[in-house]
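Encoded as structure tokens, the structure appears first; notes follow it.
Just so it is clear, none of the values below were taken in a lab; they were calculated from the coordinates. Being a predicted model, the structure only gives us computed values, none of them experimental. Neighbour counts run over all protein chains shown; Cβ positions are idealised from the backbone, glycine included.
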Amino acid sequence: MLEAGSAQLSLGYPDRPGHRGIPVMPAGEFDELVDRAHRSGRAVAAHGIGDAAVAPAVAAYERAHRRWPARPVRHRIEHLEVCPPELLRRMHAFDVIASIQTVFSAGGIESTRALLPAPLRPHLHT
Ligand SMILES: [Zn+2]
């Protein structure tokens, strides 16, 4: 959650110097999980709010697709609140589903946007 400071942001939180969110799973463990699932034809749904959580998930999906290209798997990223265009393009290349949860917009998108460092504010997708 951006409000709680748990979402991982590449540029950190403006009101909490040095804080970049809280990782949930070590990258190597996630990569292995994605590879195993993809190889057996199962899709992975990873929850990622901030760009620093989305980027390694997209990278893991890309690696799995390149390693096992014959598998027609569509992985997902749930929530996907902060996602710059470069990451969206990479997701599109492998048909990764962006499971954006627009219901959170009702809570006030501008107050959420204010939590972000200025360069990430245009990339809020709630
Ligand atoms: Zn969520």
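Summary of computed values
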quantity	calculated
Amide H contacts of His125 (H built 1.01 Å from N, under 5 Å, at least 5 apart or other chain)	Val82, Cys83
Additional length obtainable on full extension of the chain from Arg20 to Ala70, 0.36 nm per residue less Cα span	14.4 nm
Per-peptide average of other Cβ atoms within 10 Å, ordering 16-22, 48-54, 62-68 highest first	48-54, 62-68, 16-22
More than 13 angstrom apart: percent of Cα pairs within the stretch 4-73	64
Largest-first principal axis extents, alpha carbons of the chain, Å	44, 27, 21
